[in-house]
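Just below is one structure, and these are the notes that go with it.
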Amino acid sequence: MHIKKIHPWTKNYAKAVQIQRELSNALILKKDHGKICTVAGADVSYDKYSDLVFAAVIVFRCNKNLEKIEEATVIEKARFPYIPGLLSFREAPVLLKSFKKLKTEPDIILFDGQGIAHPRFLGLASHLGLILDKPAIGCAKSCLVGDYSAVENAVGAYSNLIYKDKTVGVALRTKLNTNPIFVSVGHKTSLSFATQFVLKVCRGYRIPEPVRQAHLLVNKLRVQNIKKTQRISSIA
């Protein structure tokens, strides 16, 4: 995949905030794509015993079975501290290396993270949507910013997520008797399309299937690495 180099990966907090504010103005917050034939799910995991970051991306065909086309994983050391609101500076570099390994370019990408439902309207899905120049959707398990009303206990029910007098996403019920997820536009799509698309790729779980599968893969990668490290330590 082609990766645009639109800024350096700074380690400075103030500079990172400035970059977010500037890039948020470049987002396309409307549907700007044709037919969606392939979808990627992307997720990141951390090893609490080290500074390693684990990334996974899986590409699927947008059919009933969500047939898996390919996957890519990367492990590397974190370049940026864990700071809420600036997680893309920690997670994006390793995720970009995963995307670079793909032979199939996805038509749209679902991220385990925020889109514009973010203090500076530039969460991980928006940040990487810009860099990859792809339609992107944020699918977060928790609310970072904004207020919303109670969501009816029915699949497909939602409540608008309001932040600074703007609708930045929705709290969406994807499964009965579970907490809603928080869907927001990342880049090059509309909130209505993002909401319907997320529901379309759910397969009976709270988390949309592309992201759920990426989550399972990246956690498997992390566990395998921990066991490998432990074996090496025991031998030494």
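The values are calculated or read from the model by the stated rules, or taken from the named source; none is laboratory data. The structure presented is a predicted model; accordingly, all values stated were derived computationally and were not measured. For neighbour counting, all protein chains shown are included, and Cβ atoms are generated from backbone atoms with ideal geometry for every residue, glycine included. Protein only, heavy atoms only, side chains kept; ligands, DNA and RNA dropped before computing areas. Shrake-Rupley method; radii C 1.70, N 1.55, O 1.52, S 1.80 Å.
Quick look at the values:
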{"item": "Long-range HN-HN contacts of Ile69 with modeled amide H, under 5 Å", "result": "Val59, Phe60, Arg61"}
{"item": "Karplus-derived HN-Hα couplings along the range 23-31 (A = 6.51, B = -1.76, C = 1.60, θ = phi - 60°), whole Hz, x at Gly and Pro", "result": "5, 4, 6, 9, 5, 9, 9, 8, 5"}
{"item": "Phi to ³J(HN,Hα) by Karplus 6.51 cos²θ - 1.76 cosθ + 1.60 over the range 202-214, Hz, x for Gly, Pro", "result": "7, 10, x, 10, 5, 8, x, 4, x, 6, 4, 5, 5"}
{"item": "Most to least accessible of Ile3, Ile181, Ile75 (protein chains only, probe 1.4 Å)", "result": "Ile75, Ile3, Ile181"}
{"item": "nm² value of the averaged projected area, convex hull over the Cα atoms of the range 20-131", "result": "7.6"}
{"item": "Nitroxide proxy distance, nm - points 7 Å out along Cα→Cβ at Thr178 and Asn65", "result": "2.3"}
{"item": "Bridge type composition, the chain - antiparallel percent by DSSP, nearest 5", "result": "80"}
{"item": "HN-Hα J in Hz across the range 141-147 - Karplus 6.51, -1.76, 1.60, θ = phi - 60°, x for Gly and Pro", "result": "7, 9, 8, 8, 9, x, 10"}
{"item": "For the chain: relative contact order, % (alpha-carbon pairs under 8 angstrom, 6 or more apart)", "result": "22"}
